[in-house]
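Participant: Quick one: the structure is below, questions incoming.
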Amino acid sequence: MVDGRLGAKTLAALNVPLASRLAQIRFAMERWRWVPSGFPEPPIVVNIPEFQLRAVGDDGRLALQMPVVVGRAFRTRTPVFAEQLRSVVFRPSWIVPLSIVRDEVLPQALQDAGYLARQGFEIMGAEDQALTADTVAALRRGQLVLRQKPGPKNALGRVKFLFPNGHAVYLHDTPSRGAFARARRDLSHGCVRVQDPEALANWVLRKQPEWTAERIRDALNGDAEDRVVTLPTPIPVYLVYVTAVAPGDGTVHYFDDIYGHDALLQAALDEVSGAGCGRLPLRACGRR
């Protein structure tokens with residue numbers, strides 16, 4: 001966060017060698033070579049190390065920008081990929097992934113008998129919601145499913161934006177608003193949490209006139225659960241990883257290589273320059 005103080009992080013940034021900054025620019029230029037030169041629809045772009053989401057307007061200019069929370073660097077990284085946003089779900093429920101059930105929810109529930117009820121969790125397929133030994137074992141094996149009902153405690157917040165993919169990653173709201181005040185925001189299980197889900201919903205549904213701003217607000221705050229709105233035309237979504245960004249005002253902004261992807265790209269480029277492109281993906285050689 002900007003605080004006007006010459007702190008340790010500012011000093012560290014000032015002491016980064018120029019050669020390292022030039023390398024970041026080189027990596028950014030290389031990665032943008034992999035992105036298509038045109039899009040069927042204005043895209044949404046999430047830059048992971050910048051912790052920012054941008055949406056491009058129909059005129060090709062920036063239409064929307066907001067902070068995001070991405071996956072944790074050491075355990076649950078947000079993947080880099082492109083897909084098509086196809087639907088918006090208001091007041092979503094959450095089917096808790098098995099790893100989170102085992103590692104996070106069950107340990108808390110076993111220490112606190114009222115935890116599941118307070119957080120809005122229910123055990124699907126179980127008439128008795130008590131955590132008996134058999135129920136716990138079945139949850140750990142994935143034979144029973146844990147669902148979090150829509151509401152103020154729901155981890156997905158009031159809306160999620162789905163672009164089907166093999167990583168089970170999507171954009172969504174969050175009740176944990178305090179995370180957006182942090183400078184470094186790699187805190188999620190891999191999905192991307194957005195700071196202003198209402199603004200994003202308005203942008204995504206802007207070509208569906210029946211979805212007015214008032215109707216979107218009502219859907220966010222209403223009682224209907226898992227209300228799905230299918231987009232007539234999918235929107236490209238790009239989750240990218242760029243540690244140097246030129247916003248167009250003559251400046252360049254640099255970001256930490258939180259996942260170590262720049263180091264991997266440097267190694268790939270070094271191999272290209274030293275041994276040719278025979279064993280590398282075409283895009284690492286600068287070809288599409």
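The values are calculated or read from the model by the stated rules, or taken from the named source; none is laboratory data. Every value quoted in this text rests on a predicted model; they were computed, and no experiment measured them. With ideal geometry, Cβ positions are generated from the backbone for all residues, glycine too; neighbour counts draw on all protein chains shown.
Participant: Restricting attention to the stretch 87-142, which residues are touching a Leu at 6+ places or on another chain (Cβ under 6 Å), over 22 Å from P175 (Cα atoms) and touching a residue at least 24 places away in the same chain (Cβ under 8 Å)?
Facilitator: G142
Participant: Here are some residues: L171, L139, L131. Which one is of a type in the set (A, V, I, L, M) and in contact with a strand residue (DSSP E or B) (Cβ under 6 Å, 6 or more places away or on another chain)? Give the derivation first.
Facilitator: Numbers: L139 fails: in contact with a strand residue (DSSP E or B) (Cβ under 6 Å, 6 or more places away or on another chain); L131 fails: in contact with a strand residue (DSSP E or B) (Cβ under 6 Å, 6 or more places away or on another chain).
Selected residue: L171, the only one of L171, L139, L131 that is of a type in the set (A, V, I, L, M) and in contact with a strand residue (DSSP E or B) (Cβ under 6 Å, 6 or more places away or on another chain).
Participant: Is one or more of the residues making up the stretch 122-143 closer than 23 Å to R158 by Cβ, hydrophobic (A, V, I, L, M, F, W, C) and surrounded by 13 or more Cβ atoms within 10 Å (Cβ to Cβ)?
Facilitator: Filtering the stretch 122-143 down to residues closer than 23 Å to R158 by Cβ leaves 122, 124.
If we keep only those that are hydrophobic (A, V, I, L, M, F, W, C) as well, we get 124.
Applying the additional criterion that residues be surrounded by 13 or more Cβ atoms within 10 Å (Cβ to Cβ) yields none.
No, there is no match, as no residue in the stretch 122-143 is closer than 23 Å to R158 by Cβ, hydrophobic (A, V, I, L, M, F, W, C) and surrounded by 13 or more Cβ atoms within 10 Å (Cβ to Cβ).
Participant: Moving on. Kindly establish whether R102 is on the phi < 0 side of the Ramachandran plot and either in the same structural domain as K207 (by TED's automatic domain parsing) or at pLDDT 95 or above (or both).
Facilitator: Details: on the phi < 0 side of the Ramachandran plot: yes; either in the same structural domain as K207 (by TED's automatic domain parsing) or at pLDDT 95 or above (or both): yes.
Yes; evaluated as a whole, the condition is true for this residue.
Participant: So, E50, is that one among the charged types (D, E, K, R), surrounded by 17 or more Cβ atoms within 10 Å (Cβ to Cβ), at pLDDT 95 or above and in contact with a strand residue (DSSP E or B) (Cβ under 7 Å, 6 or more places away or on another chain) or not?
Facilitator: When the stated conditions are applied, E50 passes them.
Participant: Based on what the data block shows, is P79 assigned to a loop (DSSP other than H, G, I, E, B), under 19 Å from the mean Cα position of the chain (by Cα), at pLDDT 95 or above and not polar (S, T, N, Q)?
Facilitator: Considered against the rule, which asks whether it is assigned to a loop (DSSP other than H, G, I, E, B), under 19 Å from the mean Cα position of the chain (by Cα), at pLDDT 95 or above and not polar (S, T, N, Q), P79 comes out as yes.
Participant: Another question, then. Out of the stretch 143-177, which residues are without any contact (Cβ under 8 Å) to a residue 12 or more places away in the chain and either in contact with a Leu (Cβ under 9 Å, 6 or more places away or on another chain) or within 23 Å of Y238 (Cα to Cα) (or both)?
Facilitator: G166
Participant: With respect to F74, is the statement that it is aromatic (F, W, Y) and without any contact (Cβ under 8 Å) to a residue 12 or more places away in the chain true?
Facilitator: When the stated conditions are applied, F74 passes them.
Participant: Among what's in the stretch 199-227 and is in contact (Cβ under 8 Å) with a residue 24 or more places away in the chain and under 21 Å from E41 (Cα atoms), pick the residue that is surrounded by the fewest Cβ atoms within 10 Å (Cβ to Cβ).
Facilitator: K207
Participant: Next up: What are the residues in the stretch 202-223 that are out of contact with any Pro (no Cβ under 9 Å at 6 or more places or on another chain) and closer than 21 Å to N154 by Cα, if any?
Facilitator: Across the stretch 202-223, the qualifying residues are I216, R217, D218, A219, N221, G222.
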